[in-house]
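Read through the structure below, which is laid out as structure tokens, and then see the notes.
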Amino acid sequence: MSVVTRFAPSPTGRLHVGNIRTALHNWLLAHKAGGRFLLRIDDTDAERSREEYVEAIKADLAWLGLGWDGEERQSACFALYQRKFDELAAAGRIYRCYETAQELELKRKVLLGRGLPPIYDRAALALTEADHAEFAAKGVAPHWRFLLDREVPIEWHDGVRGHQRFEPATLSDPVVRRADGSWLYMLPSAIDDIEMGVTDVLRGEDHVSNTALQIQMFTALGAPPPRFAHEALLVGNEGKLSKRLGSLGSDAFRERGIEPAALVALLARLGTSQPVEPIADRAVLVESFDLATFGRAPARFDETELERLNAAMLHQASYAEVAERLPAGMGEDAWLAIRPNLANLGEAAEWWRVVTGPIEQGEFDEADRTYLAEAARLLVWSDDPWPALTAALKQETGRKGRDLFHPLRLALTGKDSGPDMKALLPLIGEAEARARLERASGL
Ligand code: GLU
């Protein structure tokens, strides 16, 4: 059976770095197995779901290069949910309840006060048809719970966490549908996973206890449960779940000039025993993806590490990879000269402006002005003018080290530091280089 994974975001907001990681890992898992990666929009919550978020989620996945092989929408599946719901109700696996939130809270308090786990007591199971009719006559609609099978422990082999076991006697029968008829996430998700042929559910460990409940739902629906894997959550630099991470999405990354490939390279391996490396080749990330390398400890997302990786990936990016995002006229030789100095691609345009001019040079003292006049005089053009110029200046003036190089860099680029002058000078060109030296010298 070929592998099918899915990414199932709720379109109630933009994707944040944690969702992006889940999407990526599902994509990698499917691609590694030559399977399919599906996108499912979990939009059962009509009030909070927004079409603009659906579009934003898709745009983000496209930006990350995480194409999907099929798309479903929960809001298009209500008829299916109703059918399955009716079947489960007929089989006695879901039942009507009427307790208010306050009543449930009171029951919880009583149980906790007695030192017992706060499990729903299934009082509603004892209601007769006459009781139900009475509620209906009063205009009170029921909410519905899924009846757990309390006889057998729930067990599965988790792709990250290993063997998992839950005693159903310690779990409450989950509410699957509200009194207004709206769906809670859990049952529709299990129905869809069956319908979509999902073989592997990979998600955050905040879903572990949902999985225990959903495994029983799969069985009640007559389907073998998929394989499950729950990855440790991402934490911020301070070592806890931060608000910042919860709102850090692709817009923020784009704004800071983070390449999607850098984010992907980091998130593919963060929290695993494999080293985070500047791997631009997606095939390499796919090939090395392995749930067995995932750790149980929270994965620490460090923005400085992302920036370092981003720079490292730009430093090795070929001209072809970036050409269409470079300023007009900037050729391969310029890219190769400039890329070692970039923290992000946006800076390429700044360096290109340094090459094409005009530049601001600042002030030079008397000695440097004389020195720069000498440089303008000694400049002899060739394919590789920098070593010749500096050798001639060294001989002529006796300057060396910083005194030799720094005024030249300042005069030629207006900057204190930057790309290798040997690579930069040919790009500036003879006439412009001479003009800049002369201007700096005050000639
Ligand atoms: N829509 C659910 C969520 O975003 C999906 C969880 C799952 O992957 O099953 O939490």
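The values are calculated or read from the model by the stated rules, or taken from the named source; none is laboratory data. Given the structure is predicted, the values throughout are model-derived calculations rather than measurements. Every residue, glycine among them, receives a Cβ derived from its backbone with ideal geometry; neighbour counts consider all protein chains shown. Keep in mind that these areas ignore ligands, DNA and RNA; they rest on the heavy atoms of the full protein, side chains included. Shrake-Rupley method; radii C 1.70, N 1.55, O 1.52, S 1.80 Å.
Evaluate the following for residue 98: is it of a type in the set (Phe, Trp, Tyr), touching a His at 6+ places or on another chain (Cβ under 9 Å) and open to solvent by less than 80 Å² (accessible area, probe 1.4 Å)? Answer is yes for this residue.
For (1) more than 30 Å from residue 169 (Cβ to Cβ); (2) outside any loop (DSSP other than H, G, I, E, B); (3) of a type in the set (A, V, I, L, M); (4) at pLDDT 95 or above, each residue gets a yes or a no:
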| site | (1), (2), (3), (4) |
| --- | --- |
| 222 | no, no, no, yes |
| 225 | no, no, no, yes |
| 252 | yes, yes, yes, no |
| 263 | yes, yes, yes, yes |
| 266 | yes, yes, yes, yes |
| 276 | yes, no, yes, yes |
| 279 | yes, no, yes, yes |
| 286 | yes, yes, yes, yes |
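Scanning the range 36-59 for residues that are open to solvent by 90 Å² or more (accessible area, probe 1.4 Å) and under 17 Å from the mean Cα position of the chain (by Cα) yields one hit, 55.
Against the list (1) at positive phi; (2) more than 30 Å from the chain's Cα centre (by Cα), the condition residue 197 fails is (2).
The single condition from (1) surrounded by fewer than 22 Cβ atoms within 10 Å (Cβ to Cβ); (2) more than 27 Å from residue 45 (Cα to Cα); (3) touching a residue at least 40 places away in the same chain (Cβ under 8 Å) that residue 255 fails is (3). Of all residues in the range 18-39, those that are small (Gly, Ala, Ser), away from the ligand (no atom under 13 Å from the Cβ) and in a helix (DSSP H, G or I) total 1.
For the range 1-26, taking the residues that are over 8 Å from the mean Cα position of the chain (by Cα) and β-branched (Val, Ile, Thr), the one that is farthest from residue 51 (Cα to Cα) is identified as 3.
Looking only at residues in the range 159-204 that are in a strand (DSSP E or B) and within 14 Å of the ligand (Cβ to nearest atom), the one that is surrounded by the fewest Cβ atoms within 10 Å (Cβ to Cβ) is 204.
The number of residues in the range 341-374 that are in contact with a Gly (Cβ under 6 Å, 6 or more places away or on another chain), exposed (fewer than 14 other Cβ atoms within 10 Å of the Cβ) and closer than 30 Å to residue 313 by Cα comes to 1.
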